[in-house]
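What follows is one structure encoded as structure tokens, with my remarks underneath.
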Amino acid sequence: MPPRRPDAAAVFPIVLTFGVGARNPAPPGRGPAWGRGTRMSAWGLGTADMGGVEVAVLAVFGAILGSFANVVIHRLPLEVSIVFPGSRCPHCQVPIRAVDNVPVLSYLLLRGRCRSCGGRISARYPLVELLMAILTVAVWSAFAGPLPRMAGLLFAFLMVVITFIDLDHQLILNRITYPGIAAGLLFSAAHGQIVPALLSAAGAAALIAAILVLSRGGMGGGDIKLAALIGAFLGWPGVAVALFLGFMAGGVVGIGLLALRLRGRKDAIPFGPALAAGALVALFWGEAIAAWYWP
Ligand SMILES: [Zn+2]
């Protein structure tokens with residue numbers, strides 16, 4: 001094996017993880033249910049076998065995925081086709097030309113405005129594209145093998161889409177969670193981890209359902225299915241870390257909104273986005289965080 005050279009590919013994940021143990025070899029057996037033993041390192045994201053070109057290609061692919069995520073976020077709750085018609089300006093309804101529809105770049109070149117009417121385009125579009133680009137490179141770098149990488153990428157995509165639809169509509173769609181749960185179980189089964197994935201999905205759903213019954217509010221039925229989806233993908237201990245972080249984040253945000261009087265005591269806190277954010281952290285660092293509590 002030739003000596004590893006420090007190139008862009010090696011630097012990027014290290015920057016991403018603040019350099020925390022990016023080169024630690026992964027202990028055997030680590031990883032989500034669909035990728036047990038394929039995690040490249042305990043804390044870092046880094047595989048050193050990614051070249052600069054590979055990182056660039058993945059980032060572009062991820063940005064295109066992010067562009068698709070924007071369409072899904074925008075159109076799926078409205079029950080309109082996500083394929084036709086093409087993207088239009090939200091202000092003047094003029095179809096957006098292909099040259100003006102390049103992820104991230106078009107937004108920067110047009111300075112966040114529509115070419116025809118000059119109306120403001122939300123900065124969220126390029127941010128979602130950028131987020132998916134980063135997550136794509138991160139997943140590729142964190143896991144080995146085509147199937148685990150596809151599973152990780154699908155999971156990251158689902159978490160991003162669910163987060164923004166929930167923020168917009170306070171809704172977690174069955175049309176995302178049901179196929180998502182099935183996909184998570186299939187990927188986990190393909191990796192010989194169907195039992196932990198099933199137990200994690202059922203356990204997480206039961207826990208959220210119990211909280212829902214006890215608290216009578218704050219969360220909705222969609223959160224139960226989201227928890228099952230996270231369990232189906234992450235398995236144990238990832239699902240526990242995701243729920244724990246989700247409760248922490250949801251609680252902090254909820255208390256903050258109350259304190260700032262942005263929300264009343266009766267309003268729902270955005271628990272779905274908190275849970276999804278916790279799940280993304282658990283995707284990359286689940287076992288490492290779990291090891292703090294169950295060494
Ligand atoms: Zn316009």
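All but one of (1) surrounded by fewer than 21 Cβ atoms within 10 Å (Cβ to Cβ); (2) aromatic (Phe, Trp, Tyr); (3) modelled with pLDDT of 85 or more; (4) more than 20 Å from residue 172 (Cα to Cα) hold for residue 284, so report the exception by its number.
(1)
Scanning region 76-87 for residues that are within 26 Å of the chain's Cα centre (by Cα) and either in a loop (DSSP other than H, G, I, E, B) or under 16 Å from residue 116 (Cβ atoms) (or both), which turns out nearest to the ligand (Cβ to nearest atom)?
In this case the residue turns out to be 87.
Can you pull out the residues in region 84-111 that are in contact with a Pro (Cβ under 9 Å, 6 or more places away or on another chain) and over 19 Å from residue 73 (Cα atoms)?
105, 106, 108
Which of the residues belonging to region 88-112 are more than 13 Å from the ligand (Cβ to nearest atom) and β-branched (Val, Ile, Thr)?
99, 102, 104, listed by residue number.
Kindly indicate the residue of region 132-171 that is among the polar types (S, T, N, Q) and touching a Pro at 6+ places or on another chain (Cβ under 8 Å) and also modelled with the highest pLDDT among those meeting that condition.
Let us first name the residues in region 132-171 that are among the polar types (S, T, N, Q), namely 136, 141, 163, 170.
Within this subset, residues satisfying the condition of being touching a Pro at 6+ places or on another chain (Cβ under 8 Å) are 141, 163, 170.
Values: 141: 88, 163: 96, 170: 88.
Taking the candidates together, the pick is 163.
Could you grab me the full set of residues in region 268-277 that are modelled with pLDDT of 95 or more and either surrounded by fewer than 24 Cβ atoms within 10 Å (Cβ to Cβ) or over 14 Å from residue 159 (Cβ atoms) (or both)?
277 - this is the single residue of region 268-277 that is modelled with pLDDT of 95 or more and either surrounded by fewer than 24 Cβ atoms within 10 Å (Cβ to Cβ) or over 14 Å from residue 159 (Cβ atoms) (or both).
Looking only at region 116-133, how many residues end up being within 14 Å of the ligand (Cβ to nearest atom) and buried (at least 16 other Cβ atoms within 10 Å of the Cβ)?
Total satisfying the criteria: 2.
So which pairs qualify, if the first residue must be in region 98-114 and at pLDDT below 90, the second must be part of a helix (DSSP H, G or I), the Cβ gap must be under 8 Å, and the two must be at least 6 apart or on different chains?
Correct list of pairs: 99/106; 100/106; 101/67.
The values are calculated or read from the model by the stated rules, or taken from the named source; none is laboratory data. From a predicted model like this one, the values you see are computed outputs, not experimental measurements. FYI the Cβ positions are ideal-geometry reconstructions off the backbone, even for glycines, and counts take in every protein chain you see.
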